[in-house]
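The block underneath contains the structure these notes are about, expressed in C-alpha cells.
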Amino acid sequence: MNQPSFTFIIGYRHRPDRFNNLKRTLDWINGFSNAQIILVEQDSHSKISHLNLRCEHIFVKSKMPYNRSWAFNVGLKYAKSQVVVFGDSDLVMHPDEFINGLKAMAEYEMVSPYSSVLDLTPEESGIALEQIVKINRPGRGELDHQKINISGGISIFRKDAIMKIGGWSEDFIGWGGEDDFQTIKVHHFLKWTELKGKCFHFYHGRDPIDQTQYQKNLQILQRAKSMSKEEVQKSIGVSLQKIGMKNKCDNF
C-alpha cells in the first residue's frame, strides 16, 4: 500500500521495565517507508544515547517530572515532513489502518487513526507484531461508553496545523490533562476526523501518580474548559512564544 512520508515523534523517559516496549514500538514504525523517527529523551542525564535505536535521538536535560508536551514540542522543531505523528512509546496499530490515517491527511488537518484501544496482557505483549495486530478482542471505546481521547496515544497533524494551535501545552507537568486541552484546541480550530481503527497498548506496570501535580493539572484543565474560543486563541499566542525550548528552566 502506498503511503505518504511522515515524521513520528515519541517522548520518552527511560524505565528499564518499559524499554522493551519502546524498542517494539520503534520496530513497528521502522516497518514503514518514508518515516522520520524522532525520539526525545527527557531526563537528568541520557540513559539510551549509547544505543542504536534506528531513530533520531534528541536529549533534553530536565530534573522535573516528565512533560510529554514539552518532548513533543522539542521534536516538532526537528520534523522534516509536513505530516507529523505524535505517539507514546508503547503503542502500535495495524499498518493498513495507520496508513489510512496518513492518507486522510489529504483532506483533514488532524486525524485520530483509531477509535478503540486494546490493553494487551503480558503474554500478548511478547508475541510477534504481525500477530498482535490480528487480535480482535474488543478494546476500550468498543464495549463501554468511554470515548477515546482523539489527542491521546497516537495522533496525526499537519505541521502547519499543529503550529496554528500552538503545539502542545507545556503547562501540564507529569501525568494528565495535556491531551484533553489539545482536543479542545483541535475542536475549536482544526478540521479533524476520527477513524475506526484499533490501537494496541503494550503491557506495563502502573506508576504511582503524583497527586499534588495531578491536581494542579486538573485545575489548569478546568480553567481551559471554561475559556471562550477567543481566550483559547490568546493562550495559543502565549504558547508559541516559548514552544519547545531545549534550555527550559527547571524551576518547578
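The values are calculated or read from the model by the stated rules, or taken from the named source; none is laboratory data. None of these values were measured; they are calculated from a predicted model. Neighbour counts are summed over all protein chains in view; Cβ atoms, including those assigned to glycine, are modelled from backbone coordinates with ideal geometry. In case anyone asks, the SASA skips ligands and DNA or RNA and just uses the protein heavy atoms, side chains included. Shrake-Rupley method; radii C 1.70, N 1.55, O 1.52, S 1.80 Å.
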TODO: Just subtract the alpha-carbon distance of residue 23 and residue 203 from 0.36 nm times their residue separation and send over the number in nm, one decimal.
DONE: 63.5 nm
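As a quick test, which of the pairs 164/198; 225/246; 80/225 have an alpha carbon distance above 31 angstrom in this structure?
Pairs exceeding 31 Å: 80/225.
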- [ ] Find how much the distance from residue 61 to residue 240 grows on full extension, using 0.36 nm per residue of separation minus their present alpha carbon separation; answer in nm with one decimal.
- [x] 62.3 nm
Task: DSSP-loop trypsin sites (Lys or Arg not before Pro) across region 125-188, with at most 13 other Cβ within 10 angstrom - done: 134, 147
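What is the percent carbon and sulfur in the accessible area of region 137-252, measuring with a 1.4 Å probe over the protein chains and ignoring ligands?
On the way: 3490 of 6490 Å².
So the carbon and sulfur contribution to the accessible surface is 54 percent.
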Task: Point-to-point label distance, residue 146-residue 80, nm (Cα→Cβ direction, 7 Å offset) - done: 3.9 nm
TODO: Compute the FRET efficiency between residue 15 and residue 164 as 1/(1 + (r/R0)^6), taking r as their Cβ-Cβ distance and R0 = 22 Å, and round to the nearest 0.05.
DONE: 0.05
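Per the helix-only calculation at 222 nm, which mean residue ellipticity applies to the chain, given -39500 (n - 2.57) for every DSSP H run of n ≥ 4 and division by its residues, nearest 500 deg cm²/dmol?
-9500 deg cm²/dmol
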Task: 1.4 Å probe accessible area per residue over the chain, in Å² - done: 48 Å²
- [ ] Using label points projected 7 Å from each Cα along Cα→Cβ, tell me how many nm separate residue 214 and residue 229, to one decimal.
- [x] 3.4 nm
- [ ] Read through the labelled values (i) 7, 31, 40, 20, 2; (ii) 6, 25, 33, 22, 10, 3, 0; (iii) 6, 29, 34, 20, 8, 3, 1, 0, 0 and report the label of the one computed as P(r) over Cα pairs in 10 Å bins from 0, in percent from the structure.
- [x] (i)
- [ ] Could you check the simple spin-label distance between residue 48 and residue 191, using points 7 Å along Cα→Cβ, in nm with one decimal?
- [x] 3.6 nm
Open item on the list: Rounded, prolate or oblate for region 135-230? Axes are the square roots of the Cα gyration tensor eigenvalues, ordered a ≥ b ≥ c, and the cut-off for rounded is a/c under 1.5.
Closed with: oblate
TODO: In whole angstrom, note down how far apart the Cα centers of region 80-106 and region 6-54 are.
DONE: 16 Å
